[in-house]
Amino acid sequence: MTEHRAAAPLLPVPLAAPLAAVGGLLLWTAFPPVGWPPAAVIGFALVAASLWGARLRRGAGIGAIAGAAFYGPLLGWMHVIGWDAWLALAALYAGWVAVTGVGMALVSRLPAAPVWMASVWVLGEGLSGRIPWGGFPWGSLSFSQPGSPLASWAWVGGSALATFAVCLAGTCLVAVARGLRR
């Protein structure tokens with residue numbers, strides 16, 4: 001009888017945590033005022049690499065780091081309403097990314113992991129856009145893609161498919177890098 005062991009995480013924690021933060025910041029730079037759409041793919045690749053093969057608790061921590069680095073600056077304009085509102089909403093959405101990080105870490109061990117990881121992000125984004133209070137899709141990656149080739153997927157499957165395309169491109173970059181590393 002052979003024992004099945006999960007593969008080791010792609011990146012060690014001292015590298016994964018800062019890369020997740022950089023990935024979150026890159027996700028933010030895909031949105032105005034910077035508005036560089038390729039940053040979403042690169043940022044998502046860094047977040048996915050940080051989560052690839054991680055244990056679930058680590059997935060939550062890495063997800064929270066990436067979420068705080070993404071939503072903190074993205075929602076920074078809310079300080080005009082109140083610092084407490086800004087911090088509360090950023091923390092709520094960072095929490096959603098933490099939950100999404102757990103899911104992404106879990107499915108990163110499956111065959112076709114890039115597809116599953118992108119799907120989990122889309123699911124997390126969809127839920128966070130509805131819960132609580134009927135929700136609002138703050139920071140949907142599809143909104144970061146105006147004028148980019150990935151935005152054209154929205155006409156086929158709406159915002160969810162455009163987000164999926166961004167995420168799949170990012171996770172495929174990680175899968176190729178993993179293949180080259182071997």
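Are there any pairs with C-beta distances below 7 angstrom linking a residue in region 161-176 that is of a type in the set (A, V, I, L, M) to a residue that is open to solvent by less than 40 Å² (accessible area, probe 1.4 Å) and not in a helix (DSSP H, G or I), with the two at least 6 apart or on different chains, and if so which?
162/145; 166/145; 174/52
Within region 126-158, can you find the residues that are in contact with a helix residue (DSSP H, G or I) (Cβ under 6 Å, 6 or more places away or on another chain) and either charged (D, E, K, R) or buried (at least 20 other Cβ atoms within 10 Å of the Cβ) (or both)?
128, 139, 140, 141, 142, 144, 145, 150, 153
For region 58-83: of the residues being open to solvent by 30 Å² or more (accessible area, probe 1.4 Å) and not aliphatic (A, V, I, L, M), which is nearest to residue 30 (Cα to Cα)?
This residue is 73.
Sort through 88, 112, 69 and tell me the only one that's in contact with a helix residue (DSSP H, G or I) (Cβ under 7 Å, 6 or more places away or on another chain) and of a type in the set (A, V, I, L, M).
Working: 88 fails: in contact with a helix residue (DSSP H, G or I) (Cβ under 7 Å, 6 or more places away or on another chain); 112 fails: in contact with a helix residue (DSSP H, G or I) (Cβ under 7 Å, 6 or more places away or on another chain).
From the options 88, 112, 69, the qualifying one is 69.
Considering each of 98, 177, 118, 90 in turn, give the residue that is assigned to a helix (DSSP H, G or I) and either touching a Lys or Arg at 6+ places or on another chain (Cβ under 8 Å) or within 18 Å of residue 37 (Cβ to Cβ) (or both).
Values: 98 fails: either touching a Lys or Arg at 6+ places or on another chain (Cβ under 8 Å) or within 18 Å of residue 37 (Cβ to Cβ) (or both); 177 fails: either touching a Lys or Arg at 6+ places or on another chain (Cβ under 8 Å) or within 18 Å of residue 37 (Cβ to Cβ) (or both); 90 fails: either touching a Lys or Arg at 6+ places or on another chain (Cβ under 8 Å) or within 18 Å of residue 37 (Cβ to Cβ) (or both).
Answer to the selection: 118.
Just the residues that are of a type outside the set (S, T, N, Q) and not in a helix (DSSP H, G or I), please, taken from region 103-115.
Initial filter on region 103-115 (of a type outside the set (S, T, N, Q)): 103-107, 109-115.
Correct list: 109, 110, 111, 112.
Just give me the residues in region 23-50 being under 24 Å from residue 115 (Cβ atoms) and either more than 10 Å from the chain's Cα centre (by Cα) or of a type in the set (Ser, Thr, Tyr) (or both), in sequence order. So that I can check it myself, show each step before the final result.
In the first step, residues of region 23-50 are kept if they are under 24 Å from residue 115 (Cβ atoms); the result is 23-24, 26-27, 30, 37-50.
Within region 23-50, 26, 30, 37, 38, 39, 42, 49, 50 qualify.
Being without any contact (Cβ under 8 Å) to a residue 12 or more places away in the chain and within 15 Å of residue 94 (Cα to Cα): is that true of residue 129 here? Steps first, answer last, please.
Working: without any contact (Cβ under 8 Å) to a residue 12 or more places away in the chain: yes; within 15 Å of residue 94 (Cα to Cα): yes.
So residue 129 fits the description; yes.
The values are calculated or read from the model by the stated rules, or taken from the named source; none is laboratory data. Every value quoted in this text rests on a predicted model; they were computed, and no experiment measured them. No Cβ is skipped: glycine too gets one built from the backbone with ideal geometry, and neighbour counts run over all protein chains shown. Ligands, DNA and RNA are excluded from the accessible area calculation, which covers all protein heavy atoms including side chains. Shrake-Rupley method; radii C 1.70, N 1.55, O 1.52, S 1.80 Å.
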